[in-house]
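Comments concern the structure below.
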Amino acid sequence: MDIIITGLLLGGTYALIAFGLNMQYGVARIMNLANGEFLVLGALAAFWIFIADAISPILTMLLVAPLSFFGNWLIYKALLRPLVRRAKNQGQLEVDSILATFGMSFALVGIMVSIHGEYFTYSYLAEPFEIVGETFALNRIVAFCFAVLIGAVLWLWLYFTRPGMAMRAVSVSTEASGLVGINVPKMSALAFALGGAVTTMGGTLISTFITLDASVGVIFTMKALIIIIMGGVGDIRGAIVAALILGLVETAVARLIDPGLTLAAAYAIFVLVLLFRPQGLFGRKPT
């Protein structure tokens with residue numbers, strides 16, 4: 001029971017991380033390899049503000065979300081939108097966006113290392129909390145609850161508002177969406193900016209219970225990629241289910257075998273999905 005609950009708590013937070021990249025790749029068609037660095041930026045902001053003024057990372061999350069939204073919107077407009085315009089097909093756009101965001105990830109790592117090159121962690125709600133007879137850290141439970149709340153709000157917005165439905169239409173077909181009057185460039189920019197904001201919010205939550213440093217963003221990018229490919233690109237349900245599975249597998253491997261093998265287990269899942277279910281758990285087979 002301890003492994004199951006811990007895995008679900010971790011998987012819930014992973015889902016929030018994957019939501020951001022899922023929107024950027026599923027809607028804006030941008031494979032953002034700097035996704036993990038934005039997560040670390042959110043975590044670093046939470047660390048700085050908590051150490052300086054003892055302000056809750058939950059409040060910090062409300063501050064960094066609009067800043068990240070605006071920053072990602074500018075990045076899309078200035079750096080990525082020209083790539084979209086010149087790309088003759090989806091394959092070329094993916095290659096160009098991978099190269100551009102790969103370079104951006106290095107730039108962000110360099111900036112963060114120059115500002116704070118050490119590991120960072122802090123104590124926030126590091127208190128025991130009992131669930132069905134087992135004790136868990138309260139900060140993990142709080143992070144999971146906020147991840148669920150943010151995920152629910154995002155899902156409701158996507159499925160029950162006109163902008164959300166327009167964004168889902170763009171994720172299915174940019175050509176058909178344009179034909180029915182949807183402003184595809186605007187929706188793509190909105191999806192990329194919103195995805196970056198959600199990822200940064202995930203970073204503030206994760207910072208409450210994981211020790212981080214400037215160079216670990218690539219690990220979270222890889223995990224987000226595993227989740228969206230496993231669940232199906234652009235599918236919110238799939239991202240949630242895949243994130244929970246990944247959290248359970250990593251927790252089981254760490255507790256029963258060796259904590260050092262968690263990344264190997266995640267990579268094994270990634271390879272198996274590519275081999276046997278490349279369209280993802282909820283994705284459709286290409287016709």
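Any read-out appearing in this document is the output of simple, stated calculations on the displayed coordinates, not a laboratory observation. Values in this document were obtained by computation on a predicted structure and should not be read as measured data. Quick reminder, even Gly has a Cβ in these numbers, built from the backbone with ideal geometry, and neighbours come from all protein chains shown.
Going highest first, how would you order 14-22, 103-111, 115-123 by mean Cβ packing within 10 Å? Working shown, then result.
Details: 14-22: 29.4, 103-111: 15.3, 115-123: 12.2.
Averaged packing, sorted descending, gives the order 14-22, 103-111, 115-123.
For LYS88, list the aspartates and glutamates whose Cα falls under 17 Å from its own Cα; do not include residues on the same chain fewer than 8 positions away.
Qualifying aspartates and glutamates at Cα under 17 Å: ASP96, GLU175.
Within 10 Å, Cβ to Cβ, of MET112, how many net charges do the neighbouring residues add up to if Lys/Arg are +1 and Asp/Glu are -1? Walk me through the intermediate numbers first.
Values: positive: none; negative: GLU37, ASP213.
In short, -2.
Which residue, SER188, SER68, SER56, has the most motion in a Gaussian network model of the chain that connects Cα atoms within less than 10 Å?
Looking only at SER188, SER68, SER56, the biggest GNM fluctuation is shown by SER56.
Is it possible to state the helix-based mean residue ellipticity at 222 nm for the chain, with each DSSP H run of 4+ residues giving -39500 (n - 2.57), the sum divided by total residues, to the nearest 500 deg cm²/dmol? What is it?
Value at 222 nm, helices only: -24500 deg cm²/dmol.
Report the Cα centroid-to-centroid distance between region 131-146 and region 169-233 in angstrom, as an integer.
What the calculation gives is 26 Å, centre to centre.
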